[in-house]
Amino acid sequence: MARTVQFSEYGDTDVLAAVDAPALTAGPGQVRIEVRAAGINPIDWKIMRGFMREMIPLTLPAGLGSDVAGVVDQVGTGVTEFQVGDAVMGRSLTPAISESALADPANLITKPADIGWDVAGSVAGAGGTAWAVLDQLGIKAGETLLVHAAAGGVGTFAVQLAVARGARVMGTASERNFEYLRSIGAEPVS
């Protein structure tokens, strides 16, 4: 058995409960992760409240979370990217707010030793989205990028990743966040 957080009905955080669930087993092409940290994203509370039930139908009880960091403790057949004992971070296939989660190795990277578990467990959703968008746009040195909601989760990553690529970044935000935007390399605009 493994402890996991689930909800049996839609609602606020009071519907969440830590329960015992059957242990997960890594299938072909999967790894099982002993979870050290899991991130919460806006989609998670929207799912829990039932706001996404048309787009993401669930069979209750259900769990939450996909941003995950932990140590590989089981490797399915065909997996060559990771071994038992590897510290990883990324996105899980099963709810991450649990003692263990399953993941596709393609959605994981090796956790750098100098990144704490708490940070590693919160990067995949917002960071992955920002990375994918910048790749899709092909942002490179010398270009100018406007990032809306630049002080938010995805925006914060997008600004820093674009600046690291050598782009000039302008970011929209409320005036109270202007100094923060400057501190991460963006020129604030309202």
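The values are calculated or read from the model by the stated rules, or taken from the named source; none is laboratory data. Predicted model only: the values in this text are computed from it and were never measured. FYI the Cβ positions are ideal-geometry reconstructions off the backbone, even for glycines, and counts take in every protein chain you see. Just the protein is used for accessible areas: all its heavy atoms, side chains included, with ligands, DNA and RNA removed. Shrake-Rupley method; radii C 1.70, N 1.55, O 1.52, S 1.80 Å.
Before moving on, here are some points about what is shown:
- Ile47 falls short of the stated requirement of being closer than 17 Å to Ala21 by Cα and either acidic (Asp, Glu) or surrounded by 16 or more Cβ atoms within 10 Å (Cβ to Cβ) (or both).
- Subset of the range 1-59 that is acidic (Asp, Glu) and in contact with a helix residue (DSSP H, G or I) (Cβ under 8 Å, 6 or more places away or on another chain) - its residue that is farthest from Thr77 (Cα to Cα): Asp12
Yes or no, residue by residue, for (1) under 23 Å from Ala149 (Cβ atoms); (2) surrounded by 15 or more Cβ atoms within 10 Å (Cβ to Cβ):
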{"position": "Arg36", "(1), (2)": "no, yes"}
{"position": "Pro42", "(1), (2)": "yes, no"}
{"position": "Met55", "(1), (2)": "yes, no"}
{"position": "Gly63", "(1), (2)": "no, yes"}
{"position": "Ser66", "(1), (2)": "yes, yes"}
{"position": "Arg91", "(1), (2)": "yes, yes"}
{"position": "Ile97", "(1), (2)": "no, yes"}
{"position": "Ala103", "(1), (2)": "no, yes"}
{"position": "Leu108", "(1), (2)": "no, yes"}
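- Selection within the range 121-151 - under 25 Å from Ile109 (Cα atoms), touching a residue at least 24 places away in the same chain (Cβ under 8 Å) and open to solvent by less than 40 Å² (accessible area, probe 1.4 Å): Gly121, Val123, Ala124, Gly125, Ala126, Gly127, Gly128, Ala130, Leu134, Ile139
- Residue match in the range 17-31 (condition: open to solvent by less than 40 Å² (accessible area, probe 1.4 Å), assigned to a helix (DSSP H, G or I) and within 17 Å of Ala101 (Cβ to Cβ)): no
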